[in-house]
Amino acid sequence: MRSDVTLRPLDENRLLGLLDAAVADADPREVMPPVAGPGGWTAERKAAFLRFHHSRSLSAEPVETTYVIVVGETVVGAARLCPLEDAGHAVEAGVWIGRSHRGSGVGGAVFRHLLALARAAGFASLFVNTKPDNIAVHRLLAALDITPVRDGDAVTAWVDLAAAG
């Protein structure tokens, strides 16, 4: 596992750095819900990105915990853990990594960090939801001997945190 990849809790000081990383190295559709209007990083889309994180993880009652992915000292993406209310002690993982850092082992390191964080927080299982063409996630799951299930345009997997390394 890469030793230069860390996850730092999102806070107000790190939020603008996360926005800068998204604008420089990701498509808005990869990192946030859709926003009407022309494509690309418009002023409205940047404001929506900030509102999104304020509402999800920086609010007085956050619905998820978001982490800034840092390689060395460079912000390269975000990872999140969102508790699932209807699934017992389960949490959903989500990750986006800037294009220039994909395929270099960052995702594997982030996934292992998320497994450890979810386990430390007392969750029993971790849920992964991706698309059929996300080969990187499929490889991560295969490396952990986890078999995903395809249902139409969704590929899902449950990771038993007691068994996963």
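When each of LEU50, LEU81 is tested for being outside any loop (DSSP other than H, G, I, E, B) and over 22 Å from ASN134 (Cβ atoms), the lone residue that passes is LEU50.
The number of residues in segment 97-120 being open to solvent by 10 Å² or more (accessible area, probe 1.4 Å), small (Gly, Ala, Ser), farther than 21 Å from LEU19 by Cα and not in a loop (DSSP other than H, G, I, E, B) comes to 3. Number of residues in segment 1-37 that are assigned to a loop (DSSP other than H, G, I, E, B) and either in contact with a Lys or Arg (Cβ under 9 Å, 6 or more places away or on another chain) or acidic (Asp, Glu) (or both) equals 9.
Listed here are the residues, each with its yes/no results for (1) among the small types (Gly, Ala, Ser); (2) within 17 Å of GLY122 (Cβ to Cβ); (3) open to solvent by 20 Å² or more (accessible area, probe 1.4 Å).
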{"residue": "SER55", "(1), (2), (3)": "yes, no, yes"}
{"residue": "LEU58", "(1), (2), (3)": "no, no, yes"}
{"residue": "VAL63", "(1), (2), (3)": "no, no, yes"}
{"residue": "GLU73", "(1), (2), (3)": "no, no, yes"}
{"residue": "ALA79", "(1), (2), (3)": "yes, no, no"}
{"residue": "PRO83", "(1), (2), (3)": "no, yes, yes"}
{"residue": "ASP86", "(1), (2), (3)": "no, no, yes"}
{"residue": "VAL95", "(1), (2), (3)": "no, no, yes"}
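Among the strands (runs of 3 or more DSSP E) confined to segment 121-165, the ones with at least 1 residues that are under 19 Å from THR65 (Cα atoms) are located at 125-130, 154-160. Of all the criteria given as (1) under 21 Å from LEU7 (Cα atoms); (2) in contact with a strand residue (DSSP E or B) (Cβ under 9 Å, 6 or more places away or on another chain), the one not satisfied by PRO132 is (1).
For every residue, the table says whether it meets (1) within 20 Å of GLU30 (Cβ to Cβ); (2) at pLDDT 95 or above; (3) of a type outside the set (A, V, I, L, M).
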| site | (1), (2), (3) |
| --- | --- |
| PRO132 | yes, no, yes |
| ALA136 | yes, no, no |
| VAL149 | no, no, no |
| VAL155 | yes, no, no |
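The values are calculated or read from the model by the stated rules, or taken from the named source; none is laboratory data. The shown structure was predicted, so the numbers you read here are calculated from the model rather than taken from an experiment. Here Cβ is always computed from backbone atoms with ideal geometry, including for glycine, and neighbour counts include all displayed protein chains. To get the accessible areas, we keep the full protein, side chains included, count just its heavy atoms, and leave off ligands, DNA and RNA. Shrake-Rupley method; radii C 1.70, N 1.55, O 1.52, S 1.80 Å.
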